[in-house]
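Have a look at the structure below before the remarks.
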Amino acid sequence: MMLYSQTEYDFTTTKFCKEIIAMESFGPVCNKLTSDKAAFLMDSLEIGKKKYIDLRRLLLSDVQLPGYNRLATHRSQICLTSDIFSVDREHRVGIAVSYKKLLTHTVNRILTASANEIPSASNPKRYEFQMDLTVLALTQFISRRLTPIYQQKILFYSDLRLVAILALQENEDNIRYLMDTLINKESTEITVKGLELTSGFCEVEIQRSQLDGKMAKIISGAGGACYQFCTATFKQIHDPDIVKDGFPINRSITDLKVIFDEVNEEEFLSLSSDNRFNVTHRPISDLEIIPSSPLHAYLRCFGWFLHLISHLHAGVFKWSPTSKRVSDAKTFVTRLIKDNLNIIIDIPSTQGGTTTTGNVVRRCLIRKNDNDQDFLYWVLTVIPSEFKSHIIEIHTCLGAILRVYNSCRRVDTEELALVCSNIYQSILYAFPWANVSPTLHKLLAHAPEIISTFNDGHGLENLSEEGLEASNEYIRRYRDRFARKFSFEENLKDVFVRLISHSDPMLLMNRKFSIPKPPSSQGLRSSQDILVNTLIRDHEDHNDD
């Protein structure tokens, strides 16, 4: 019995013991762990067969872990290993599982974890829970989102539940193939007929969420629109008078289909963009889309703000994304932030994408104290003095709006609409030469209506695609360390099984989550904190209670 090295032995056993101590649900250290808890520990420690066997022998006197063969059998059951199948499209391999089977399996596991008794016709119960069924590496739009459930003092948070991993490009043809092959038939069936559980019946409502801008345009068919669910043109979103009146969400997937179906396809494509209301192809989805994307709102709005700062530093008062002077100014600003705050912005990452992540953007846009030498402080040192007051206003309001938009708090949508409209108009008056990006327009023009209409007046944290984006890190690590390398298909299958195990509801019970507390007006240290406090209402509810 030997681990790979003494260092690995020390690291693994120390981490294991910390996991045991940190989890009250495990009770005393000397006990026999169930297969579910052992599977959770194996996932959280990210160890394979050999290390698990060695660890089981080393800790036998303190913690009785189930044998590996027994654990492997259990994991194959909770991961639906026998139901995983290959998807082949033009020799591009993918791995998938039945949408209906995965949903049924997940609901059974959640109900088992929460109540020990599956509801039946003689004993009906109503549960509301949130769960994501998602296709990775291609798209992000199969989702059922509601609030977390509280049942017998157990708090459940959903994690990513994979339906498929596909090595395909995000384009119209591939997404149509995905919908027709994996999704449309089963999603329609379970929406109409519901799910047959272990004992009983479950109604299902499916909604599309977690879409970034590109995917939303492909799904909706409104590729030429500033925002697919309003008819505003590029010229209109830059007119302060129209902005003052507001931009209602005035069309749906059904409306977009009607626009396309009014004429034949050849005549439709020959029309100008305005005459076909910026619709480029027939919508792919039959179900309505929840227009959220809170994480991408952070990323894209910060990118726009950084581009504005670069223009001001370069002295280029014409929106020019390809200008060398602006590019050089942006490099200077990002280097200044790196040197003084150790925040690396907009640099290609070795893990794919760039270093501008959600956490990086929060560090830049969230101001904890007006006197701190933070991101805004250093930005103000590189722009002309006549623009400083405008930049402070934009940073304060934009950061506050995004914090509320990405929160789980109940929002005062009327106050939010007023703040959004005011800052939108301020941007247009102060910088008439600057282009408002589609994401910035969506946030400032539609955030209050999206929050009130699609999420019961609460911030969109429960619709955030941040967990989905973060799963890419797990995929890279699992493919490298815990998956077979002799076959691309088998490699994806091993990753797929680990990710399904990682998101199993019974295993998630062993994680510790904190319940968000209502905000307090005490201890507010910045003008942005004060503004955020005026935009939320859940602290009023708390005081009423």
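The values are calculated or read from the model by the stated rules, or taken from the named source; none is laboratory data. These numbers were taken from a predicted model, which means no experiment stands behind them. Positions of Cβ are backbone-derived with ideal geometry, glycine not excepted, and every protein chain shown enters the neighbour counts. Heads up: the accessible areas ignore ligands, DNA and RNA and are worked out on the full protein's heavy atoms, side chains in. Shrake-Rupley method; radii C 1.70, N 1.55, O 1.52, S 1.80 Å.
Looking at region 56-79, which of its residues are touching a residue at least 24 places away in the same chain (Cβ under 8 Å) and over 26 Å from residue 496 (Cβ atoms)?
Residues satisfying the conditions are 57, 58, 59, 62, 63, 64.
Would you mind stating whether residue 219 is under 25 Å from the mean Cα position of the chain (by Cα), under 15 Å from residue 281 (Cα atoms) and of a type outside the set (Ser, Thr, Tyr)?
Values: under 25 Å from the mean Cα position of the chain (by Cα): yes; under 15 Å from residue 281 (Cα atoms): yes; of a type outside the set (Ser, Thr, Tyr): yes.
So residue 219 fits the description; yes.
I need the full set of residues from region 45-70 which are of a type outside the set (Val, Ile, Thr) and under 31 Å from the mean Cα position of the chain (by Cα), in order please.
Filtering region 45-70 for residues of a type outside the set (Val, Ile, Thr) gives 45-46, 48-52, 54-62, 64-70.
45, 46, 48 - these are the residues of region 45-70 that are of a type outside the set (Val, Ile, Thr) and under 31 Å from the mean Cα position of the chain (by Cα).
Considering region 205-226 alone, what residues qualify as being at pLDDT 75 or above and in contact with a strand residue (DSSP E or B) (Cβ under 7 Å, 6 or more places away or on another chain)?
If the condition is that a residue be at pLDDT 75 or above and in contact with a strand residue (DSSP E or B) (Cβ under 7 Å, 6 or more places away or on another chain), then 216, 219, 220 are the ones that fit.
Consider region 505-537. How many of its residues are at pLDDT below 80, out of contact with any His (no Cβ under 8 Å at 6 or more places or on another chain) and either over 30 Å from residue 95 (Cβ atoms) or in a loop (DSSP other than H, G, I, E, B) (or both)? Working first, answer last.
Keep residues of region 505-537 that are at pLDDT below 80, which gives 505-525.
With out of contact with any His (no Cβ under 8 Å at 6 or more places or on another chain) added as a condition, the list becomes 505-517, 522-525.
With either over 30 Å from residue 95 (Cβ atoms) or in a loop (DSSP other than H, G, I, E, B) (or both) added as a condition, the list becomes 509-517, 522-525.
The qualifying residues number 13.
Which members of region 89-106 meet the condition of being open to solvent by 50 Å² or more (accessible area, probe 1.4 Å), in a strand (DSSP E or B) and either at pLDDT 80 or above or among the hydroxyl-bearing types (Ser, Thr, Tyr) (or both)?
none
Only one of these is modelled with pLDDT of 90 or more, open to solvent by 30 Å² or more (accessible area, probe 1.4 Å) and aliphatic (A, V, I, L, M): 417, 400, 470. Name it.
417
So residue 489 passes all but one of these: (1) part of a helix (DSSP H, G or I); (2) among the charged types (D, E, K, R); (3) at pLDDT below 75; (4) over 23 Å from residue 397 (Cα atoms). Which condition number does it fail?
(3)
Only residues that are in a loop (DSSP other than H, G, I, E, B) and either in contact with a Ser or Thr (Cβ under 8 Å, 6 or more places away or on another chain) or crowded, with 18+ Cβ neighbours inside 10 Å (or both): list them for region 423-434, please. Talk me through it step by step, then tell me what you get.
Just the residues of region 423-434 that are in a loop (DSSP other than H, G, I, E, B), to begin with: 431-434.
Once the filter is applied, which keeps residues that are in a loop (DSSP other than H, G, I, E, B) and either in contact with a Ser or Thr (Cβ under 8 Å, 6 or more places away or on another chain) or crowded, with 18+ Cβ neighbours inside 10 Å (or both), region 423-434 yields 431, 434.
Could you pull out the residue among 41, 80, 58, 71 that is in contact with a helix residue (DSSP H, G or I) (Cβ under 7 Å, 6 or more places away or on another chain), more than 27 Å from residue 195 (Cα to Cα) and at pLDDT 85 or above?
Values: 41 fails: at pLDDT 85 or above; 80 fails: more than 27 Å from residue 195 (Cα to Cα); 58 fails: at pLDDT 85 or above.
Among 41, 80, 58, 71, only 71 is in contact with a helix residue (DSSP H, G or I) (Cβ under 7 Å, 6 or more places away or on another chain), more than 27 Å from residue 195 (Cα to Cα) and at pLDDT 85 or above.
Would you be able to tell me the number of residues in region 439-467 that are surrounded by 19 or more Cβ atoms within 10 Å (Cβ to Cβ), of a type in the set (Gly, Ala, Ser) and modelled with pLDDT under 85?
Residues flagged as surrounded by 19 or more Cβ atoms within 10 Å (Cβ to Cβ), of a type in the set (Gly, Ala, Ser) and modelled with pLDDT under 85 within region 439-467 amount to 1.
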